1. Evaluate 2.2 N^0.38 Å with N set to the residue count of the range 15-250, then give the Cα radius of gyration divided by it.
2. Using DSSP, restrict attention to beta bridges with both residues in the chain and report what percent are antiparallel, rounded to the nearest 5.
3. Please order Val22, Val78, Val57 by the number of other Cβ within 10 Å, starting at the fewest.
4. Which trypsin sites (Lys or Arg not before Pro) does the range 117-198 hold that lie in a coil by DSSP with at most 12 other beta carbons within 10 Å?
5. Determine, for Asp62, Asp171, Asp164, the number of other Cβ atoms within 10 Å of each Cβ, and report the residues in order from fewest to most.
6. Would you look at the GNM of the chain, springs on alpha carbons closer than 10 Å, and say which of Ala101, Ala130, Ala187 moves the most?
7. What is the fewest-to-most order of Glu184, Glu239, Glu92 by other Cβ atoms lying within 10 Å of their Cβ?
8. Summing -39500 (n - 2.57) over the DSSP H runs of n ≥ 4 in the chain and dividing by its residue number, what mean residue ellipticity at 222 nm do you reach, to the nearest 500 deg cm²/dmol?
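What follows draws every value from the coordinates through simple rules; no lab data is involved. What you see is a predicted model, and the numbers here were worked out from it, not measured in a lab. Backbone-built Cβ (ideal geometry, glycine too); neighbour counts: all protein chains shown.
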Amino acid sequence: MGRFDGANRLDGAGGFDIIGDVHGCLPELTTLLGKLGYLGAAEVRLAAPPGRRLVFVGDLVDRGPDTPGVLKLVMEAVSAGQALAVRGNHDERLGQALSGAPIRKPSPRLAQSLEQLAGESPAFRRRAAAFLLNLPTRLSLDSDRLLVAHAGDRADLRGSGRDDYNVHGLDSGELDDFGHLRREDWAAMHGGPHLIVSGHSPLRRPRWSGQPGRGEALNLDTGCVYGGALTALRYPERELISVPAQRAYAASRLFQKV
């Protein structure tokens, strides 16, 4: 399926199955992987369909029921060349906590993940910290026709500023009507020819914006951890596949049943 150069660009052909924010929701992840044709999805070790590779948009951890199980599955898949992943803000925060580094924006949910990981070996916790902190901030795929970044992208930023934006985006500090942070609408400023796939901001359904070749973007975070769904984009087919959450693991007024 090709190889990466030093700029996190993957050359070569192939299809990608891009998965939105997992947040420790292992049951839903294994169900979705089964629908996508990844044999052995109920186990740690996967078998990918020929010519395809998983891509995770970040926020693998926190809030959900099984952060260790998600990490084991994704770490094994990445190590085996079955998957790629970018770093989300929750991934970075947990990596910092596990490594003893200063934690940016501590969260009450961090304690839940650390409690779940307390039953794992010190060696696994060290590997998990290194894995999370060394995830790239963005991936350029399909000869630069596709870019994956957890919180979105602003090509006008440079160096560490762009990297930080890819992971954290830009929050206004205010909450919306559903109690979620208001964030800069980077997709409205995207005018490039490539499709940008992100997560980070939960929505009831996937949101496309722009037009193919003219600032197109897709948000795949459909709030699985809040009782929504876990969604994948099959690329280049542009097919969306979702599985419903088994239950709400965290509260959100956006996903309350009407």
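1. Cα-based Rg divided by the globular estimate yields 0.94.
2. 55 percent
3. Val78, Val57, Val22
4. Arg158
5. The most exposed by this proxy come first: Asp171, Asp164, Asp62.
6. Ala101
7. In order of increasing Cβ crowding within 10 Å: Glu239, Glu184, Glu92.
8. -7500 deg cm²/dmol
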